[in-house]
Number of protein chains: 2
Amino acid sequence: MRIGVLGTGMVGKAIASRLVEVGHEVRLGSRTSDNENLLNWVEENGESASGGTFADAAAFGTVVVNATRGIISLDVLEAAGEENLAGKTIMDVANPLVITSEVEPPSLGILNDDSLGERIQRRFPTARVVKTLNTMNCDIMVNPKVLSGHHNVFVSGNDKAAKDEVASLLGQFGWGEDTIFDLGDITTARGPEMFVALYSRMFLKIRHLHFNISVVWDPNVEPLLPEGV
Amino acid sequence: MRIGVLGTGMVGKAIASRLVEVGHEVRLGSRTSDNENLLNWVEENGESASGGTFADAAAFGTVVVNATRGIISLDVLEAAGEENLAGKTIMDVANPLVITSEVEPPSLGILNDDSLGERIQRRFPTARVVKTLNTMNCDIMVNPKVLSGHHNVFVSGNDKAAKDEVASLLGQFGWGEDTIFDLGDITTARGPEMFVALYSRMFLKIRHLHFNISVVWDPNVEPLLPEGV
């Protein structure tokens, strides 16, 4: 598959490298196509790796990964170009963090009755946005088995086929079927995005980033709700 | 121990009954001391159970549990009386939910750079607020072993002795020491309170309330931060 990854930070590069590793052709996109960080990544990742502008990467991919800082993601996607995103699956892994201090944990710039995932979906209505992977460190994102035991990744999105496509990529990263928790439509992205408030405090106690959460439930309890609510 | 529980909803009654069960004297507090719900609870829970107004219950307890709806908790604590809360541990299990629709999941009335736990602490500065138990259904709160496997409860608070006192009550409910995750000071209550956005969506998929999360981490990774940050 051809995949465009937007964002050359730690997360973007981790996802892009892993996608190359599992057999995809990946174009990493940056604001400018000639920056050293991008050129180095391309050089280190072999023949299936290429680089370009945000627009180049988005045009290249049949799936586009948003791995930019959440607070600038809408601008980046704008630069990527509506025509290059039309009809495509956007795997959105960003969190709309507002970092105002080095000592205080970040707050969120979008939350409560909205989310970054929803904003992207509203701005690019023909794209099929799937929020996922935004609740853990990038080492765990792309290689969940570095952390032993059962733990979960969430997916949120309006389009079943797009979620299946994303689930298939997650499977290639090592996420077992029983670890992928489909929360529902794109409005459910609020939950994983707001989870960052808990995550950032857990980090300060655990003091490293190799952790995640596992959803634990009793399979024998009678449902209180009908299926498919 | 003498414990005052504020709130006669499902959560308040579940906690109050369980506290009686594990050997405490409990006074359940309501807006009025003669309402049927309260009188029934007293009658059903034996000699260690009593009822009264919010002020009666707060005055009675050496520990006071806030199990009211979060959006009215500050008013309830005001009614309970500053003098009845002074110097006491307040175990705050409430979430500041704003419910505007029967179909939409609730939003939060306090969040991001503040939390209900913090507001209570600011309003009652000599009380020792400990946020806990607000991340799961009341069946799990008071009897965590109904759910098999490892899963966690969070505590947040400024006062170490108050957190120890709460941890001891949690232990009596059945929370093992390795399941009690101390997040830090009362500002960390933002995390568990904002977790409700994820919790409410997990519920719609799991379709019953016998679930929780477990924090999973690798004990062998080198810390990135010094201890006690």
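The values are calculated or read from the model by the stated rules, or taken from the named source; none is laboratory data. Owing to the predicted nature of the structure, the values given are computational and were not obtained by experimental measurement. All Cβ positions, glycine included, derive from the backbone under ideal geometry; neighbour counts span all protein chains shown. For the accessible areas, the whole protein counts, side chains as well, though only heavy atoms, and no ligand, DNA or RNA atoms are used. Shrake-Rupley method; radii C 1.70, N 1.55, O 1.52, S 1.80 Å.
Below are the figures for this structure:
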| item | result |
| --- | --- |
| Hey, residue B:162 in a helix (DSSP H, G or I), small (Gly, Ala, Ser), more than 9 Å from chain A (Cβ to nearest Cβ) and within 20 Å of the chain's Cα centre (by Cα) or not | yes |
| First in segment A:215-227 and among the acidic types (Asp, Glu), second anywhere and part of a strand (DSSP E or B) and crowded, with 16+ Cβ neighbours inside 10 Å, Cβ under 8 Å, 6 or more apart | A:218/B:211 |
| Residue check for residue A:73: surrounded by 22 or more Cβ atoms within 10 Å (Cβ to Cβ), part of a helix (DSSP H, G or I) and hydroxyl-bearing (Ser, Thr, Tyr) | yes |
| Test: residue in segment A:104-120 that is surrounded by 18 or more Cβ atoms within 10 Å (Cβ to Cβ), part of a loop (DSSP other than H, G, I, E, B) and of a type in the set (Ser, Thr, Tyr) | yes |
| Any hit, segment A:33-49, residues being open to solvent by less than 60 Å² (accessible area, probe 1.4 Å) and in a strand (DSSP E or B) | yes |
| Residue match in segment B:56-76 (condition: closer than 18 Å to residue B:9 by Cβ and among the aromatic types (Phe, Trp, Tyr)) | no |
| Whichever residue in segment A:145-171 is of a type in the set (S, T, N, Q) and free of Cβ contacts under 8 Å to residues at least 40 places away in the same chain and, among such residues, is surrounded by the most Cβ atoms within 10 Å (Cβ to Cβ) | A:156 |
| Residue B:216, sole failed condition from (1) at the interface with another protein chain (Cβ under 7 Å from one of its Cβ atoms); (2) in contact with an Asp or Glu (Cβ under 7 Å, 6 or more places away or on another chain) | (2) |
| Hits in segment A:170-194 (condition: over 20 Å from residue A:109 (Cβ atoms) and part of a helix (DSSP H, G or I)) | A:170, A:171, A:172, A:173, A:177, A:178, A:179 |
| Hits in segment A:219-228 - residues which are within 7 Å of chain B (Cβ to nearest Cβ) and under 14 Å from residue A:178 (Cα atoms) | none |
| Hey, residue A:123 closer than 25 Å to residue B:194 by Cα, charged (D, E, K, R) and open to solvent by 10 Å² or more (accessible area, probe 1.4 Å) or not | no |
| Sole residue being buried (at least 24 other Cβ atoms within 10 Å of the Cβ), part of a strand (DSSP E or B) and touching a residue at least 40 places away in the same chain (Cβ under 8 Å), chosen from A:26, A:65 | A:65 |
| Residues satisfying the stated conditions in segment B:203-219, i.e. over 20 Å from the mean Cα position of the chain (by Cα) and at pLDDT 90 or above | B:204, B:205, B:206, B:207, B:208, B:216, B:217, B:218 |
| Matching entry among A:167, A:197 (being in a helix (DSSP H, G or I) and more than 14 Å from every other protein chain (Cβ to nearest Cβ)) | A:167 |
| Some residue of segment A:193-200 being among the hydroxyl-bearing types (Ser, Thr, Tyr), under 22 Å from residue A:97 (Cβ atoms) and within 15 Å of the chain's Cα centre (by Cα) | no |
| Pair list, Cβ under 7 Å, 6 or more apart: segment A:122-136 residue in contact (Cβ under 8 Å) with a residue 40 or more places away in the chain, other residue of a type in the set (Ser, Thr, Tyr) and not in a strand (DSSP E or B) | A:135/A:199 |
| Selection within segment B:172-194 - within 9 Å of chain A (Cβ to nearest Cβ), open to solvent by less than 20 Å² (accessible area, probe 1.4 Å) and without any contact (Cβ under 8 Å) to a residue 60 or more places away in the chain | B:181, B:183, B:184, B:188, B:191 |
| Segment A:84-103, subset out of contact with any strand residue (DSSP E or B) (no Cβ under 8 Å at 6 or more places or on another chain) and modelled with pLDDT under 95, residue most open to solvent (accessible area, probe 1.4 Å) | A:102 |
